[in-house]
Each structure stands twice: as C-alpha cells, then as structure tokens.
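The values are calculated or read from the model by the stated rules, or taken from the named source; none is laboratory data. Values in this document were obtained by computation on a predicted structure and should not be read as measured data. Positions of Cβ are backbone-derived with ideal geometry, glycine not excepted, and every protein chain shown enters the neighbour counts. Heads up: the accessible areas ignore ligands, DNA and RNA and are worked out on the full protein's heavy atoms, side chains in. Shrake-Rupley method; radii C 1.70, N 1.55, O 1.52, S 1.80 Å.
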Amino acid sequence: MSFIFRAYHAMARQRPMSTRTGVPTAATYVFTNMLNKLRDDFHPEYLAAVFDVAGPTFRDTQGAAVSEIRKWDIRTQQFQNVAYGGYKANRAEMPPDLAQQVPYIRRALAAFRIPILENPGYEADDVIGTLARQGAEQGRGVFVVSSDKDMLQLVNEHVCVLNPPKDNLICDRAKVEEILGVPPERVIDVMALRGDTIDNIPGAPGIGDKGSVELIRRFGSVEAALEHASEVEKKTYRESLLNNREQILYSKDQVTIDCHVPGVTLDAALLETMAAQEPDIEACRELFTELEFTTLLKTIAPVTDVQEKNYLENAGREEVRELLAHASRQARLALAIDMAVAVPSPSRGAEGEDDHDEHAGGSESNLFSEANAPAAPAAQMIALSTKAGQALTASIDSPEIRQALESPSLPKAVHDSKAAMRSLSPVEFASTGAAPAPRLRGVVHDTALYSYLLDPTYSSHSLADVALRRFNLQLSGGLAEAADMTGRLAKALSEEVDREDLRTVYEEIDLPLVPVLERMEAAGVKIDCDVLKQMSARLERECDAKAREIYQRSAVEFNINSPKQLGEVLFEKLGLRKPVKYGKGKTVSTAAEVLQDLAEEHQVPRLVLQYRELSKLKSTYVDALPTLLNHCTQRLHTTFNQVGTATGRLSSNNPNLQNIPIKTELGREIRAAFIAEPGNVLLSADYSQIELRLLAHFSGEPLMLEAFARGEDFHLTTAAEVFGLMPDLVTPEIRNRAKAINFGIPYGLSGFGLAQQLGIDKKEAQQYIDAYFARYQQVRRWIEATKDQARRDQKVQTLLGRVRPIPDINSKNFNMRGFAERTAVNTPLQGTAADLIKLAMIRLDAELHARKLRTQMTLQIHDELLFDVPADEVDTVKPIIQQVME
C-alpha cells in the first residue's frame, strides 16, 4: 500500500489521469510502470506483493490498552499528558479516487502473474518479515522492496532492502548504518525513541532523530537506556527516559516487525506460486485497453498484427485498373500515399524545441518542432484498398491513378487528407514550375478528423495510434497496410460519428476546412528579414545592457541563463527569502512566478525577468524566423493542425505563427516585420471580444446583450456596473480590473487568482467577483446550469455541436473536479468561437475563388484572419470579409 499511495501522490501535482468514462487511472498507471521497471531491472527469481488486510491487527489490540501518552511541548519546554487515539489513529481515510483504483492495481498484479499475499490480523510488514526470516534461514538472497525505514530492521547477511524511489538504492548492513547511524539489529530501538507520527506511535517525547541515535549508540538498546537514564547529561533526554518508560517500551513493541506470523510458510508450494513468470498478455491487453493505457499496450502487451490480409506490392497496370473498377462499383476507395521521397526542406539555422498542443499544456513560444519537420515530401508510391484485408501498391504516376485521385465523384477515405494533399503538391514543386501533380478530390472519409471529433482529448491521432485504440492492432508501417487500415477505420468511425450526432460538424466544418488550410499553407507569409536583422542587433545591445545592470546590482558576474547560478545569487549572495525547491535533487526554482514574487523586494529578479523577455523574443522569433524561410518561395509556410487541441482551436507549427506576442511593444514590432508582397497590403480582420459576446448569447444576460447591441466599450460598462461608477469616472486602472474580471469569469477565476493578477488583497478581489455576479446574475445561472448539465452527460457541446468529454466532472478528487468544471464552462465559449471562425474561413475561401480574386488568406490566429491583398482589390475585399465574418 505504501507504493500505491506513492504512485497516487506522484501524479498529484500533474493533471490527474482518467478514462473517457471518468475512471481515475493515475495511481494504477504509475504503479504498473513501477512493477514493469522492477521486473526489467532485477529479473527476480521469485516475486510476491503483500497487502494489508482490512480489520484490526494485534497492534490495534495493544494500542487499545493505552488511554494516555505524554508529549513534549516545544513552546512550553514541558511534557504534557494527552489522550491516545490508538495505533494509526491519525491516518486519514483513503481518497475515494484512490480506493476506486485498488481493484485495478490488484488486476494488474494478476496480469503480471504476481501473487498477492495477505494474512488477517497481521500487517503486510509482518508477513514480509516472516518470509524474509524464513528465506534467510534457507540460505536464499532476499530483497524487501520498500521505501519504509522500519523495514531496515530486517536487514542481515541474506536480506537487503531495495528502495526504487531512491534510484533503486540497495540497503545492506553497511548502508543501514550509514543511513540511520546504527546497525540493523538496533533499528527498532532508534525507531522506538523517535516514534512515528504517521502511525501514531508516541516514542520518547523530546528525543528526536539525533538524540535517538546518540542514546542507542551509547547504551546499545532501549532497555539499557532506560536502566541508565539517570546517567544521561541532557535534561530533556533524561526526564523523557525517566518519566515515559512504559510509553517507550510500548512504542518498541509497535515498531517491531513480527517475523513469526502463524500460517505463513515459505515452502515449496508458496515458492512455486511466487516463481516469476511472463505476464499474462491477454489479461494485460484487456486491462490496459479498458484503462486506455496506449503506451503500456505497446510495450507490455504487444497487440496483434493485421492477420487476414492479402497485399499486392508494385501492382501492374491491369491490377490497378481492376481495383479501380471495383472501387467505382462499390463507391469506396481507401488510399495511403508514400511520403518517403523528399525534396529540399526549408532552410534552418537554429534548432527549436518540441511544440506542444494545448491538451498537453505546452510552451506557447515554440516555433519549430524537430519531430514534425521532415524534409518536404513528394509522393512516389500509393496504396489502394476497396475491401478489408486487401490492398495493392503502385506508382502514383499511373494515368488511371491520377484520374481516380482527381475524380470528385469517386468517394475516398484518407487518414489526414491535408497531409496527403501537401505530399502530392509540395510548395517547392509548385514554385519551380514542375509538372502539375494530381489534385486529391472526392475525400469523404478523413479518419484522422473522425478520430479527433470522437476523442478530442487524445494528443495523438496518427493512424498507428488510432488503429491501436480502436482495433487493438499494431501496424507494421507498410503502405498497403495503411490503406487497408484506413478503409477499416473509415467504416467503423463513420458509423460512430453518426451515432454521436457529429456528422454536421464533420461535413460543414472540419472536412471543408481541409483544402482551405492546405491553400493557406501553400501561400505562406512574407517577412522583412532586414527589419528583423536590425531588431536583433538592437535586442543584443539591450540584453547586454540589462545583463550589466544585473551584474552591477548583484556585485558579481554570473550566467543569468543558469538556474543554479541565478539561484545562488538570489538566495545565498543577496539573501532573499527562502527559496522554492522542486524535484528529487531539491533544485532551487527560478521560475517566472518565483521571480515575480521576489521582484517586490529586490530589483535583480525584476531585471532578470526583463532580460529573459528580451532574450526569448530575440532567440525565438527575431533570430529564428529568417532561418525558417522556404528556400524556393522565400516565405514562411506554417502547418495548421486541426487535431491538436481539445477545444477545437487550430494550432500552428513549423513555425508556430499563432503565438507571436502582441501585448508588448516588442511583440508588435515583430508582427510589423510580416509584410505583403510588392503592390499588396496586409489586411487583418479580428473578431471583437468574441468569447464575451458568446457568453452574453449563451447566458441571455440582458445587461451584456444591451451593451453589445449599443456598441459600448464592454469593459468600461462592466467597470461602471461592478464598481458603481458613472462611465465618465472610470479610470484606465479600474477598466483594466473590469477587463480581468470579464475575461477571467469564464475560466473559473477565483478571488485568489484575481488578487494575484491585479496585485490586490484577496478579500477585495472576491468582493469584485461577488459584485460582478450580483449585476450579471444570468451569467452565474448559466455557469451553474452548464456544470450541472456536464455532470449529467459527462460532456459539453459547442453551439454547432462539437463535443468535448468531461469525464472528471464527478471526480472525488478536488483538483480533477475543479479543472473539469472550468473546462465545462470554457469549452462552449472557446470551442464555439473556434467553430465560427472556421466557418468564416470556409465561406471566405469560396467567395474569393468564386469572384476570381487574387487576394490570399494566409494566417489564422485564433480570432483573427490575415489576408495578402492586391492594392486594387482592397475596396472590393473589405466588405466581403466583414459581411462573411459577421
């Protein structure tokens, strides 16, 4: 159970894990990984897991006889008599979401073929101690896997304690003495004096870790220390020993592991049960599939390959014609395109970090993802399938295949149709005047989009991962297999999309958006490298100046980018408040929030924050963007990802052009380096406060609706309503406070959060929020109604029908439930805003093409669209864009 609790708390600081149906899984996942690592690292000959049994043990019986104990009061420097609640009386109940996982953990042990041992009336420690003693007597090498110091009393020539959380630390006799200061046979004496607050063992009041070791080293045992108590020089220790004899001896009984539990015998039958075996693959597969452990499915329970298959490689022209004829009759063609043949990729200078999607909570400044940045592909081979289990591969240059690809009347299934379109016509080919590649038309089923619609919270919708999740099949990576699997998934996922009533979202938003995004990616954006070059030189000078000021105020030169050196300067040299530490090595934190707190008392952390901002802008944008230009087009060609966020928003990578800052002067300068083609202008169209307007729509709040209808400054209106002021008396500072409340309410803003954001008292911040809800009562009602609906359905919807599962909304875990409630309220707003701008993009693209305009839509930045417009089309395009977007 100690490892189960450790596994549970290991995930406490991260977002807890759960299945789509709301079953918590974090502890099970961590515990199973620990088991797997233990087996891989040590290859044990015998292995067993020992559990505590519900119900009283002999220690509880002993504790019941003790009604009162003495404790040392640090404040008064005196002993006090207090009521004794009994052994382990201080322990809180197991968290409900952990109790829910224990049966799954026991199933995991069974799947690993690890027997579970338990004995009524005795704790797991006693069963382990008994087995360890018997194993040692039989001359066997015994490893007790535990992080509990009490277990160190079992160590001898044959028994070691293995502590996985301490980097698989193995404690033999020498290590025990190094850790505790006494040999294993004296551990119970030290522990008896120290006591144990977790297990409510009183110990010797006033004698701590240091004193307990000193006394046992001097006298050899608790009993000897008690006999010679009058000889102890330190008054606190002497009085504790003299006045608490029965309590100390009781504590020794409690910490002593019983190594003679009746009925526990390490005989041949038990050894046979404990013999280490290979996992039960089917049981692992069943459990990991149920708990949605995709990674464990791949590593521990290898899934089955596609069995019934008939694949023809490098098919001839006749076979291709026959398959395509069958496809026409069946109105069904699944395809996969080979992207192995590459042409030069965009030139690069600086390496970037992995870009993370919104679901993973990643950095918002990363521009380039190495994992997602292969050389731009040019398709050579294609695989086609019209029937499950059958497929062929052939050259894409075949006239029959070209005709089939371009036929809008032949329904096709593709996994990630935008990537397929891009592979057929990479930017480089289009810019070099090469022979036109076939255009992919007639896509009806995009299995990547299907998967995303059905499971938007998954971070990966690759063909391999979707096949694993849906069919428990491991793909080999073959092209024919990919076409076959795409056809199978198209049928299964299409039916589920219909059952879940997601067909309209798919056919009116997600699928029609694909060619729009493909054209935007091909168009790219132009940047003025000279502007960025000049800005880089200026930022270099500003960074140097800021560094010199930091060195001057610190009275020492150091590497500002080194958290270790910065921590030493802040907390040791400058003596600022006690540092925040994290991780195994207790590394000092110099994160932004820590520096922001410290900036209130010293200028150096404030200057470091400014230095970091300058340095980040320079390296991430100013210096990086020119290196990412496509060498053929001399433009930036980002990739828009439709399946990267749980809310329905688009994300952008390679490079990420959606996160260039706009709130600072420097950020606006970077955006100013984005320019139009000669003779063109850039036109930006941005929805104004779209999520607040949606909040007004959903809630039906009269005051909000009226303010928007009259075209008022809504933040000023809120300031006047909440703070009881005439609009003319609202200062910029008060308006900013109202703005923070307006934008924060849909995200579950608390008084504490608002106080931190505005730098005001928590009580004052809560008064602002209360005043907001007093004025906008319909907003509160809508928020509560939305949470109630999410609790019933375990999902929420956007206005247009996109669904996001919220399985944690009924969780017993406070953090999980709180996150789920905030998600439930925010998703209808942010998700609807995302759907609306997607609809606008689809209709604008159609309108521009229908009118044969040269204007190109080049970027979408959440609520904003950017267009590269010929100067002579500006007057024509502006009203079209405004009308369509509205």
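For this structure, a couple of remarks:
- Listed residue (51, 383, 456) projecting farthest to the positive dipole end of the chain, Cβ model: 456
- Modelled label positions at residue 851 and residue 265, each set 7 Å beyond Cα in the direction of Cβ, lie 9.3 nm from each other.
- D by Stokes-Einstein for the chain, Kirkwood Rh over Cα pairs, 25 °C, 0.890 mPa s: 75 µm²/s.
- Amide hydrogen neighbours beyond the local backbone of residue 387, cut-off 5 Å, H modeled: none
- The Cα trace of the stretch 751-863 gives Rg and Dmax of 19.3, 59 Å, the first to one decimal, the second as a whole number.
- Out of every Cα-Cα pair that the stretch 501-570 contains, those further apart than 18 angstrom amount to 67 percent.
- The chain, relative contact order in percent, only Cα pairs under 8 angstrom and at least six apart counted: 10 percent
- What you get for the stretch 685-757, charging only the Cβ of Lys and Arg (+1) and of Asp and Glu (-1), is a dipole of about 140 debye around the Cα centre.
- Packing order of peptides 766-772, 613-619, 191-197, highest average first: 191-197, 613-619, 766-772 (average count of other Cβ atoms within 10 Å over each peptide's residues).
- Taking the helices alone, the chain has a mean residue ellipticity at 222 nm of -14000 deg cm²/dmol, built from -39,500 (n - 2.57) per DSSP H run of at least 4 residues and averaged over all its residues.
- Backbone amide hydrogens, once placed in the peptide plane, bring residue 472 within less than 5 Å of nothing, excluding anything fewer than 5 places away on its chain.
- Against the compact-protein benchmark of 2.2 N^0.38 Å, the Cα-based radius of gyration of the stretch 648-724 scales to 1.53.
- Gain on full extension, evaluated as 0.36 nm per residue between residue 233 and residue 5 minus their Cα-Cα distance, stands at 77.9 nm.
- Residue-wise HN-Hα couplings along the stretch 142-151, as the Karplus relation 6.51 cos²θ - 1.76 cosθ + 1.60 with θ = phi - 60° gives them from phi, are 10, 10, 8, 8, 6, 10, 8, 5, 4, 5 Hz; Gly and Pro carry x.
- log₁₀ of I(q)/I(0) at q = 0.14 Å⁻¹ - the stretch 152-234, Debye sum with one point per alpha carbon: -0.51
- Residue-wise HN-Hα coupling along the stretch 563-568, computed from phi with Karplus coefficients 6.51, -1.76, 1.60 (Hz; x: Gly, Pro): x, 5, 5, 4, x, 4
- Ranked by the mean number of other Cβ atoms within 10 Å of their residues, highest first, the peptides 394-402, 207-215 come out as 207-215, 394-402.
- Take the Cα radius of gyration of the stretch 577-690 and divide it by 2.2 N^0.38 Å, N being the number of residues; the result is 1.43.
- Cβ-Cβ FRET estimate between residue 402 and residue 503, R0 fixed at 25 Å, reported to 0.05: 0.25
- Per residue, the stretch 109-227 exposes 40 Å² of solvent-accessible protein surface, assessed with a 1.4 angstrom probe and all protein chains in place.
- Zero-based 5 Å bins, Cα pair distances in the stretch 640-689, whole percents: 5, 14, 16, 24, 23, 14, 3, 1
- Remark: the chain carries a charge dipole of roughly 1100 debye about the Cα centre, counting +1 on each Lys and Arg Cβ and -1 on each Asp and Glu Cβ.
- Database remark: amide H of residue 280 closer than 5 angstrom to the amide H of 112, 113 (H placed geometrically; neighbours at sequence offset of 5 or more, or on other chains; Pro and chain starts carry no H).
- In this structure, the pairs whose alpha-carbon distance is over 21 Å, taken from 546/618; 546/573; 852/878; 210/564; 491/795; 412/838, are 210/564; 491/795; 412/838.
- Cα lying deepest toward the dipole's positive end in the stretch 732-810, options 799, 777, 732, charges on Cβ: 799
- Among 705-718, 285-298, the order from most to least packed when residues are scored by Cβ within 10 Å on average: 285-298, 705-718
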